[in-house]
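The values are calculated or read from the model by the stated rules, or taken from the named source; none is laboratory data. Model, not experiment: these values are computed from the prediction. Note that we place each Cβ from the backbone using ideal geometry, even for glycine, and neighbour counts take in every protein chain shown. These area figures cover heavy atoms from the full protein model, side chains too; ligands, DNA and RNA do not enter into them. Shrake-Rupley method; radii C 1.70, N 1.55, O 1.52, S 1.80 Å.
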Amino acid sequence: MIRSIVRGIGSALPRRIMKNADFEGMVETSDEWIAQRTGIRQRHIAADDETTASLGEAAARAALDNAGLTPADIDLIVLATSTPNNTFPATAVEIQNRLGMHHGFAFDMQAVCSGFVYAITTADLYIRGGLAKRVLVIGAETFSRILDWNDRSTCVLFGDGAGALVIEAAEGEGTIADRGILAASLRSDGVHKDKLYVDGGPSTTGTVGMLRMEGREVFKHAVGMITDVIEATYSETGITSDDLDWFVPHQANKRIIDASAKKLGIAEEKVVVTVNLHGNTSAASVPLALSVAVADGRIKKGDLVLLEAMGGGFTWGAVLLRW
Ligand code: ACO
(Lines give C-alpha, C1' and ligand atoms only; values in the text may rest on other atoms or scores of the structure.)
Protein backbone atom coordinates (compact mmCIF):
# COMPACT_ATOMS: atom_id res chain seq x y z
CA MET A 1 0.00 0.00 0.00
CA ILE A 2 0.99 3.63 -0.44
CA ARG A 3 2.34 5.35 2.67
CA SER A 4 3.16 9.03 3.18
CA ILE A 5 6.68 9.14 4.55
CA VAL A 6 8.64 12.10 5.91
CA ARG A 7 11.39 13.19 3.53
CA GLY A 8 12.49 16.48 5.09
CA ILE A 9 11.83 18.99 7.87
CA GLY A 10 12.54 22.67 8.47
CA SER A 11 11.55 25.58 10.67
CA ALA A 12 11.77 29.35 10.97
CA LEU A 13 11.46 31.71 13.92
CA PRO A 14 11.23 35.50 14.10
CA ARG A 15 14.48 37.26 15.02
CA ARG A 16 13.16 38.86 18.21
CA ILE A 17 12.94 36.85 21.42
CA MET A 18 10.64 38.14 24.13
CA LYS A 19 11.39 36.83 27.63
CA ASN A 20 8.79 36.53 30.40
CA ALA A 21 10.45 39.39 32.26
CA ASP A 22 9.78 41.67 29.27
CA PHE A 23 6.03 41.56 30.18
CA GLU A 24 6.67 42.98 33.65
CA GLY A 25 5.66 46.65 33.42
CA MET A 26 3.37 45.97 30.42
CA VAL A 27 0.77 43.92 32.34
CA GLU A 28 0.57 42.77 35.96
CA THR A 29 2.49 39.51 35.77
CA SER A 30 5.82 37.92 36.59
CA ASP A 31 8.35 35.51 35.13
CA GLU A 32 7.58 33.22 38.07
CA TRP A 33 3.79 33.12 37.42
CA ILE A 34 4.19 32.44 33.70
CA ALA A 35 6.88 29.78 34.15
CA GLN A 36 5.05 28.00 36.98
CA ARG A 37 1.59 27.96 35.35
CA THR A 38 2.68 27.26 31.78
CA GLY A 39 6.35 26.23 31.52
CA ILE A 40 6.93 29.13 29.09
CA ARG A 41 10.20 31.10 29.50
CA GLN A 42 10.33 32.97 26.19
CA ARG A 43 8.65 33.27 22.77
CA HIS A 44 9.61 34.73 19.38
CA ILE A 45 7.63 37.77 18.18
CA ALA A 46 7.43 38.75 14.51
CA ALA A 47 8.69 42.15 13.34
CA ASP A 48 6.65 44.13 10.77
CA ASP A 49 8.56 42.52 7.90
CA GLU A 50 8.01 39.00 9.25
CA THR A 51 4.64 37.51 8.33
CA THR A 52 2.94 34.12 8.26
CA ALA A 53 3.87 33.91 4.56
CA SER A 54 7.53 34.87 5.06
CA LEU A 55 7.99 32.50 8.03
CA GLY A 56 6.13 29.74 6.19
CA GLU A 57 8.30 30.26 3.11
CA ALA A 58 11.51 30.11 5.17
CA ALA A 59 10.39 26.89 6.91
CA ALA A 60 9.39 25.39 3.54
CA ARG A 61 12.79 26.24 1.99
CA ALA A 62 14.57 24.66 4.98
CA ALA A 63 12.44 21.50 4.68
CA LEU A 64 13.15 21.29 0.92
CA ASP A 65 16.91 21.69 1.55
CA ASN A 66 16.76 19.01 4.22
CA ALA A 67 14.96 16.70 1.76
CA GLY A 68 17.41 17.48 -1.06
CA LEU A 69 14.50 18.70 -3.19
CA THR A 70 13.40 21.90 -4.94
CA PRO A 71 9.93 23.48 -5.33
CA ALA A 72 9.74 21.78 -8.76
CA ASP A 73 9.45 18.43 -6.93
CA ILE A 74 6.34 19.46 -4.93
CA ASP A 75 2.77 19.13 -6.20
CA LEU A 76 0.75 20.34 -3.21
CA ILE A 77 1.20 22.82 -0.34
CA VAL A 78 -1.11 22.57 2.67
CA LEU A 79 -0.66 25.43 5.13
CA ALA A 80 -2.16 25.19 8.60
CA THR A 81 -2.75 28.70 9.94
CA SER A 82 -5.28 30.87 11.76
CA THR A 83 -3.29 34.02 11.08
CA PRO A 84 -3.18 34.28 7.26
CA ASN A 85 -1.57 37.28 5.57
CA ASN A 86 -4.92 38.20 4.00
CA THR A 87 -8.50 37.02 4.40
CA PHE A 88 -7.99 35.72 0.87
CA PRO A 89 -6.22 34.48 -1.21
CA ALA A 90 -4.93 31.58 0.85
CA THR A 91 -1.48 32.23 2.32
CA ALA A 92 -0.48 28.78 1.00
CA VAL A 93 -0.87 30.18 -2.52
CA GLU A 94 1.26 33.19 -1.58
CA ILE A 95 3.96 30.82 -0.29
CA GLN A 96 3.65 28.81 -3.51
CA ASN A 97 4.38 31.99 -5.47
CA ARG A 98 7.24 33.02 -3.14
CA LEU A 99 8.81 29.61 -3.83
CA GLY A 100 8.57 30.33 -7.56
CA MET A 101 6.20 27.40 -7.91
CA HIS A 102 3.64 27.85 -10.71
CA HIS A 103 2.40 24.29 -10.99
CA GLY A 104 0.38 22.09 -8.62
CA PHE A 105 -2.00 23.51 -6.03
CA ALA A 106 -2.05 25.00 -2.54
CA PHE A 107 -4.62 25.74 0.14
CA ASP A 108 -4.95 26.81 3.79
CA MET A 109 -6.38 24.70 6.55
CA GLN A 110 -8.01 26.30 9.56
CA ALA A 111 -8.20 24.22 12.72
CA VAL A 112 -6.39 26.61 15.07
CA CYS A 113 -3.86 24.76 17.28
CA SER A 114 -4.88 21.41 15.77
CA GLY A 115 -4.13 22.78 12.30
CA PHE A 116 -0.93 20.85 11.69
CA VAL A 117 -2.45 17.54 12.75
CA TYR A 118 -5.41 18.21 10.44
CA ALA A 119 -3.09 19.31 7.61
CA ILE A 120 -0.77 16.28 7.70
CA THR A 121 -3.80 13.96 7.86
CA THR A 122 -5.28 15.72 4.82
CA ALA A 123 -1.98 15.62 2.92
CA ASP A 124 -1.74 11.88 3.65
CA LEU A 125 -5.18 11.36 2.08
CA TYR A 126 -4.19 13.34 -1.06
CA ILE A 127 -1.08 11.16 -1.37
CA ARG A 128 -2.87 7.87 -0.76
CA GLY A 129 -5.71 8.98 -3.07
CA GLY A 130 -3.16 9.53 -5.85
CA LEU A 131 -3.77 13.29 -6.22
CA ALA A 132 -0.27 14.26 -5.03
CA LYS A 133 3.13 12.60 -4.77
CA ARG A 134 5.06 15.12 -2.67
CA VAL A 135 3.45 17.58 -0.29
CA LEU A 136 4.79 20.49 1.72
CA VAL A 137 2.84 20.52 4.98
CA ILE A 138 3.43 23.80 6.78
CA GLY A 139 2.26 25.20 10.11
CA ALA A 140 2.90 28.96 10.28
CA GLU A 141 1.49 31.58 12.63
CA THR A 142 1.83 35.17 13.75
CA PHE A 143 -0.47 35.01 16.78
CA SER A 144 1.20 38.15 18.17
CA ARG A 145 -0.97 40.08 15.65
CA ILE A 146 -4.27 38.87 17.17
CA LEU A 147 -3.34 39.17 20.85
CA ASP A 148 -4.82 41.70 23.24
CA TRP A 149 -1.56 42.99 24.69
CA ASN A 150 -3.49 44.41 27.69
CA ASP A 151 -4.90 40.98 28.66
CA ARG A 152 -2.37 39.23 30.87
CA SER A 153 -4.34 35.98 30.81
CA THR A 154 -3.66 35.49 27.08
CA CYS A 155 -0.83 37.74 25.83
CA VAL A 156 1.88 35.87 27.75
CA LEU A 157 0.95 32.47 26.29
CA PHE A 158 1.54 32.76 22.54
CA GLY A 159 4.42 33.16 20.11
CA ASP A 160 5.15 33.27 16.37
CA GLY A 161 6.95 30.79 14.10
CA ALA A 162 6.70 28.15 11.41
CA GLY A 163 7.59 24.53 10.79
CA ALA A 164 7.32 22.41 7.65
CA LEU A 165 7.57 18.81 6.55
CA VAL A 166 7.99 17.35 3.08
CA ILE A 167 6.05 14.10 2.88
CA GLU A 168 6.06 11.80 -0.13
CA ALA A 169 4.45 8.64 -1.46
CA ALA A 170 6.34 5.40 -0.82
CA GLU A 171 5.42 1.75 -1.11
CA GLY A 172 4.70 0.10 2.26
CA GLU A 173 3.75 -3.40 3.42
CA GLY A 174 0.59 -2.20 5.15
CA THR A 175 1.90 -3.09 8.62
CA ILE A 176 2.85 -0.89 11.56
CA ALA A 177 6.50 -1.60 10.76
CA ASP A 178 6.13 0.66 7.68
CA ARG A 179 7.63 4.12 7.67
CA GLY A 180 5.09 6.92 7.24
CA ILE A 181 1.72 7.91 8.63
CA LEU A 182 0.14 4.86 10.28
CA ALA A 183 -3.05 6.22 11.84
CA ALA A 184 -4.90 9.45 12.57
CA SER A 185 -7.93 10.45 14.61
CA LEU A 186 -9.56 13.88 14.25
CA ARG A 187 -12.41 15.48 16.23
CA SER A 188 -14.19 18.80 16.59
CA ASP A 189 -17.14 20.12 18.58
CA GLY A 190 -18.42 23.67 18.08
CA VAL A 191 -20.34 23.68 21.35
CA HIS A 192 -17.07 24.92 22.91
CA LYS A 193 -16.67 27.94 20.59
CA ASP A 194 -16.98 30.60 23.30
CA LYS A 195 -14.13 29.18 25.38
CA LEU A 196 -11.49 30.02 22.77
CA TYR A 197 -12.16 32.27 19.78
CA VAL A 198 -11.22 35.49 17.99
CA ASP A 199 -13.80 38.24 18.47
CA GLY A 200 -13.78 39.47 14.87
CA GLY A 201 -13.97 38.26 11.31
CA PRO A 202 -14.86 39.28 7.74
CA SER A 203 -18.50 38.21 7.96
CA THR A 204 -19.28 39.53 11.45
CA THR A 205 -17.38 42.64 12.54
CA GLY A 206 -15.42 43.24 9.35
CA THR A 207 -12.30 43.42 11.53
CA VAL A 208 -9.54 40.92 12.32
CA GLY A 209 -10.43 40.70 16.01
CA MET A 210 -8.48 39.55 19.05
CA LEU A 211 -7.99 36.20 20.73
CA ARG A 212 -10.26 35.52 23.71
CA MET A 213 -9.86 32.49 25.94
CA GLU A 214 -11.28 31.07 29.15
CA GLY A 215 -8.01 29.34 29.97
CA ARG A 216 -9.33 27.34 32.92
CA GLU A 217 -12.21 25.93 30.78
CA VAL A 218 -9.83 24.95 27.97
CA PHE A 219 -7.54 23.29 30.48
CA LYS A 220 -10.46 21.33 31.98
CA HIS A 221 -11.28 19.68 28.63
CA ALA A 222 -7.78 19.36 27.16
CA VAL A 223 -6.38 16.23 28.79
CA GLY A 224 -9.52 14.10 28.25
CA MET A 225 -9.87 15.13 24.61
CA ILE A 226 -6.18 14.59 23.82
CA THR A 227 -6.05 11.16 25.43
CA ASP A 228 -9.31 10.06 23.69
CA VAL A 229 -7.95 10.62 20.17
CA ILE A 230 -4.60 9.09 21.04
CA GLU A 231 -6.33 5.98 22.38
CA ALA A 232 -8.33 5.79 19.12
CA THR A 233 -5.04 5.57 17.16
CA TYR A 234 -3.79 2.94 19.64
CA SER A 235 -6.86 0.74 19.14
CA GLU A 236 -6.68 1.12 15.35
CA THR A 237 -3.05 -0.04 15.22
CA GLY A 238 -2.54 -2.15 18.35
CA ILE A 239 0.28 0.25 19.30
CA THR A 240 0.63 1.16 23.00
CA SER A 241 2.47 3.91 24.87
CA ASP A 242 5.31 1.46 25.56
CA ASP A 243 5.94 1.07 21.80
CA LEU A 244 6.44 4.81 21.26
CA ASP A 245 9.87 6.33 20.77
CA TRP A 246 8.68 9.95 20.97
CA PHE A 247 5.60 11.87 22.05
CA VAL A 248 5.47 15.28 20.34
CA PRO A 249 2.42 17.08 21.75
CA HIS A 250 1.01 20.50 20.94
CA GLN A 251 2.99 22.96 23.01
CA ALA A 252 0.37 25.03 24.87
CA ASN A 253 1.12 24.36 28.50
CA LYS A 254 3.66 22.11 30.23
CA ARG A 255 1.04 21.08 32.80
CA ILE A 256 -1.33 19.82 30.05
CA ILE A 257 1.57 17.95 28.39
CA ASP A 258 2.62 16.35 31.70
CA ALA A 259 -0.93 15.37 32.66
CA SER A 260 -1.62 13.84 29.22
CA ALA A 261 1.64 11.84 29.23
CA LYS A 262 0.96 10.64 32.76
CA LYS A 263 -2.61 9.53 31.94
CA LEU A 264 -1.34 7.62 28.89
CA GLY A 265 1.62 6.08 30.74
CA ILE A 266 4.20 7.70 28.45
CA ALA A 267 7.63 7.92 30.08
CA GLU A 268 8.83 11.49 30.73
CA GLU A 269 12.05 11.01 28.74
CA LYS A 270 10.02 10.28 25.56
CA VAL A 271 8.17 13.62 25.69
CA VAL A 272 9.45 16.45 23.47
CA VAL A 273 8.92 19.82 25.17
CA THR A 274 9.61 23.16 23.47
CA VAL A 275 6.89 25.31 25.06
CA ASN A 276 9.65 26.82 27.26
CA LEU A 277 11.37 28.20 24.12
CA HIS A 278 8.49 29.01 21.75
CA GLY A 279 5.34 29.51 23.86
CA ASN A 280 2.15 28.37 22.13
CA THR A 281 2.69 28.87 18.38
CA SER A 282 -0.67 27.24 17.53
CA ALA A 283 -0.45 25.32 14.21
CA ALA A 284 3.34 25.79 14.12
CA SER A 285 3.96 24.19 17.52
CA VAL A 286 4.07 20.51 16.51
CA PRO A 287 6.38 20.92 13.46
CA LEU A 288 8.59 23.32 15.45
CA ALA A 289 8.90 20.75 18.25
CA LEU A 290 9.58 18.02 15.70
CA SER A 291 12.34 20.05 14.07
CA VAL A 292 14.06 20.68 17.41
CA ALA A 293 14.00 16.94 18.25
CA VAL A 294 15.22 15.96 14.76
CA ALA A 295 17.99 18.58 14.77
CA ASP A 296 19.33 17.49 18.17
CA GLY A 297 19.39 13.84 17.07
CA ARG A 298 16.56 12.52 19.26
CA ILE A 299 14.11 11.59 16.46
CA LYS A 300 15.74 9.23 13.96
CA LYS A 301 14.63 7.31 10.89
CA GLY A 302 12.41 4.40 11.90
CA ASP A 303 11.32 5.91 15.26
CA LEU A 304 7.65 5.65 16.21
CA VAL A 305 6.34 9.18 16.84
CA LEU A 306 3.00 10.29 18.28
CA LEU A 307 1.69 13.80 17.49
CA GLU A 308 -1.34 15.45 19.08
CA ALA A 309 -2.99 18.83 19.32
CA MET A 310 -6.06 20.53 20.72
CA GLY A 311 -7.33 24.03 20.13
CA GLY A 312 -10.05 26.53 19.26
CA GLY A 313 -13.34 25.16 17.98
CA PHE A 314 -12.72 22.97 19.88
CA THR A 315 -10.71 20.85 17.47
CA TRP A 316 -8.41 18.02 18.48
CA GLY A 317 -6.56 15.15 16.88
CA ALA A 318 -3.65 12.70 16.97
CA VAL A 319 -1.35 11.17 14.36
CA LEU A 320 0.89 8.12 14.71
CA LEU A 321 3.80 7.94 12.28
CA ARG A 322 7.04 6.09 11.82
CA TRP A 323 9.79 8.60 10.99
N1 ACO B 1 0.08 36.77 35.41
C2 ACO B 1 -0.35 36.76 36.67
N3 ACO B 1 -1.59 36.34 37.01
C4 ACO B 1 -2.39 35.92 36.03
C5 ACO B 1 -1.99 35.89 34.69
C6 ACO B 1 -0.69 36.34 34.39
N7 ACO B 1 -0.19 36.37 33.15
N8 ACO B 1 -3.00 35.41 33.94
C9 ACO B 1 -4.00 35.14 34.77
N10 ACO B 1 -3.64 35.45 36.04
C11 ACO B 1 -4.42 35.31 37.27
C12 ACO B 1 -5.90 35.24 37.02
O13 ACO B 1 -6.43 36.53 36.85
C14 ACO B 1 -6.39 34.54 38.24
O15 ACO B 1 -6.49 35.47 39.27
P16 ACO B 1 -7.75 35.43 40.30
O17 ACO B 1 -7.62 34.08 40.97
O18 ACO B 1 -7.49 36.60 41.16
O19 ACO B 1 -8.96 35.51 39.42
C20 ACO B 1 -5.26 33.59 38.61
O21 ACO B 1 -4.11 34.08 37.89
C22 ACO B 1 -5.52 32.15 38.21
O23 ACO B 1 -6.06 32.12 36.86
P24 ACO B 1 -6.43 30.78 36.14
O25 ACO B 1 -6.94 31.11 34.79
O26 ACO B 1 -7.27 29.92 37.01
O27 ACO B 1 -4.98 30.11 36.05
P28 ACO B 1 -4.60 28.71 35.54
O29 ACO B 1 -3.79 28.02 36.54
O30 ACO B 1 -5.78 27.98 34.95
O31 ACO B 1 -3.61 29.08 34.33
C32 ACO B 1 -3.68 29.22 31.92
C33 ACO B 1 -4.08 29.86 33.24
C34 ACO B 1 -2.17 29.20 31.85
C35 ACO B 1 -4.24 30.05 30.78
C36 ACO B 1 -4.22 27.78 31.85
O37 ACO B 1 -5.57 27.76 32.21
C38 ACO B 1 -4.06 27.16 30.49
O39 ACO B 1 -2.97 26.87 30.04
N40 ACO B 1 -5.19 26.87 29.82
C41 ACO B 1 -5.18 26.15 28.55
C42 ACO B 1 -4.76 27.00 27.43
C43 ACO B 1 -4.55 26.10 26.24
O44 ACO B 1 -4.12 24.96 26.36
N45 ACO B 1 -4.87 26.50 25.09
C46 ACO B 1 -4.66 25.52 24.02
C47 ACO B 1 -5.29 25.86 22.89
S48 ACO B 1 -4.78 27.43 22.35
C49 ACO B 1 -5.44 27.60 20.77
O50 ACO B 1 -6.11 26.74 20.25
C51 ACO B 1 -5.25 28.91 20.08
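The listed residues His221, His192, His102, once ranked by accessible area (1.4 Å probe) with the largest placed first, stand as His102, His221, His192. Given axes a ≥ b ≥ c from the Cα gyration tensor, I'd like to know whether the range 90-206 is rounded (a/c under 1.5), prolate (a/b larger than b/c) or oblate. Taking the square roots of the gyration eigenvalues as a ≥ b ≥ c, the range 90-206 is prolate. Backbone amide hydrogens, once placed in the peptide plane, bring Phe158 within less than 5 Å of Asn280, excluding anything fewer than 5 places away on its chain. Scaled against the 2.2 N^0.38 Å expected of a compact globular protein of N residues, the Cα radius of gyration of the range 180-322 reads 1.09. The calculated pair-distance distribution of the chain uses every alpha carbon pair, bins of 10 angstrom beginning at 0, and gives 6, 29, 37, 22, 5, 0 percent. The order of Leu182, Leu125 by accessible area, most exposed first and with a 1.4 Å probe, is Leu125, Leu182.
Estimated purely from DSSP H runs of n ≥ 4, each contributing -39500 (n - 2.57), the mean residue ellipticity at 222 nm for the chain is -9500 deg cm²/dmol once divided by its residues. A 1.4 Å probe, protein heavy atoms only, puts the accessible area of Trp246 near 40 Å².
Here the range 90-141 is treated with +1 on each Lys and Arg Cβ and -1 on each Asp and Glu Cβ, and its dipole about the Cα centre works out to around 260 debye.
Using C-alpha pairs under 8 Å with a sequence gap of at least 6, the mean separation divided by the residue count of the range 166-317 gives a relative contact order of 31 percent. Listed values for the range 272-284 are Karplus-derived 3J(HN,Hα) couplings in whole Hz (6.51 cos²θ - 1.76 cosθ + 1.60, θ = phi - 60°), namely 8, 10, 10, 4, 4, 8, 10, x, 8, 9, 6, 5, 8, and x replaces Gly and Pro. The value obtained for the range 2-171, namely the Cα convex hull volume divided by the number of residues, is 114 Å³ per residue. When the pairs Lys193/Lys262; Lys220/Lys300; Lys220/Lys263; Lys220/Lys254 are compared against a 26 Å limit on Cα-Cα distance, Lys193/Lys262; Lys220/Lys300 fall above it. Taking amide hydrogens as placed 1.01 Å from N in the peptide plane, the amide H of Ile9 sits under 5 Å from those of Asn66, Ala67, Val166, each at least 5 positions away in sequence or on another chain.
The string of couplings for the range 127-144 from the Karplus curve (6.51, -1.76, 1.60, θ = phi - 60°) is 5, 5, x, x, 8, 8, 10, 9, 10, 8, 10, 10, x, 9, 8, 10, 5, 4 Hz, one whole number per residue in order, with x for Gly and Pro. For the chain, a crude dipole built from +1 on the beta carbon of Lys and Arg and -1 on the beta carbon of Asp and Glu, taken about the Cα centre, is about 140 debye to the nearest 20. With the cut-off at 1.5 for a/c, could you classify the range 22-121 from its C-alpha gyration tensor as rounded, prolate or oblate? Prolate is the answer for the range 22-121, as a/c is 1.5 or above and a/b outweighs b/c.
Residues in the range 2-171 average 40 Å² of solvent-accessible surface per residue, probe 1.4 Å, ligands and nucleic acids excluded.
Placing +1 on each Lys and Arg Cβ and -1 on each Asp and Glu Cβ, with no other charges, gives the range 194-286 a dipole about its Cα centre of roughly 420 debye.
Ranked by solvent-accessible area (1.4 Å probe, protein heavy atoms only, all chains present), the residues Glu217, Glu24 order from largest to smallest as Glu24, Glu217.
Rolling a 1.4 Å probe over the protein heavy atoms of the chain, with every protein chain left in place, gives an accessible area that is 50 percent carbon and sulfur. Select from Leu288, Leu307, Leu264 the residue whose mean-square fluctuation is largest in a Gaussian network model of the chain (Cα-Cα springs shorter than 10 Å). In this elastic network of the chain, the residue with the biggest mean-square fluctuation among Leu288, Leu307, Leu264 is Leu264.
Taking amide H as placed 1.01 Å from N in the peptide plane, the amide H of Val198 sits under 5 Å from that of Arg212, each at least 5 places away or on another chain.
Relative to one another, the C-alpha centroids of the range 113-161 and the range 164-182 are positioned 21 Å apart.
Computed from phi, the 3J(HN,Hα) profile of the range 163-176 under the Karplus parametrisation 6.51, -1.76, 1.60 (θ = phi - 60°) reads x, 9, 10, 9, 10, 9, 5, 8, 6, x, 7, x, 10, 6 Hz, with x in place of Gly and Pro.
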